[in-house]
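The values are calculated or read from the model by the stated rules, or taken from the named source; none is laboratory data. Not measured: the values here are computed from a predicted model. Because the Cβ atoms are built from the backbone with ideal geometry, glycine has one as well, and the counts that use them run over all protein chains shown.
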Amino acid sequence: MFIHLLYSLQDTSKKSPMELINAVPPIKVEGRIAACDGRQDKGRETGSLGHPIEYICLDLDQPAVCKYCGLRFVQDHHH
């Protein structure tokens, strides 16, 4: 089992969790506050339990990051 663990840690063909989450583009939100529960598909229930809701302020110019899951949010400015 230990050898399998070492092999999986050395396998560079798989993306890390941070690489996977960074591949998701920032989610555009109307308004100044985003609510994240860890589920990306808000339109339907999924098997994922998500995480506690985090309310995220979007007043900064760069994307705001959810502290639980790493999803990024930006304010959608309608001009």
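Take the residues in segment 19-59 that are in a loop (DSSP other than H, G, I, E, B) and of a type in the set (Val, Ile, Thr), then tell me which one is modelled with the lowest pLDDT. Steps first, answer last, please.
First, pick out the residues of segment 19-59 that are in a loop (DSSP other than H, G, I, E, B): 23-26, 30-32, 37-53, 58-59.
When the remaining residues are screened for being of a type in the set (Val, Ile, Thr), the result is 24, 46, 53.
On the way: VAL24: 90, THR46: 56, ILE53: 94.
Out of the qualifying residues, it is THR46.
If only one of GLN62, GLN10, GLN75 is out of contact with any Cys (no Cβ under 6 Å at 6 or more places or on another chain) and at pLDDT below 85, which one is it?
Details: GLN62 fails: at pLDDT below 85; GLN75 fails: at pLDDT below 85.
Step by step, each of GLN62, GLN10, GLN75 is checked, and only GLN10 is out of contact with any Cys (no Cβ under 6 Å at 6 or more places or on another chain) and at pLDDT below 85.
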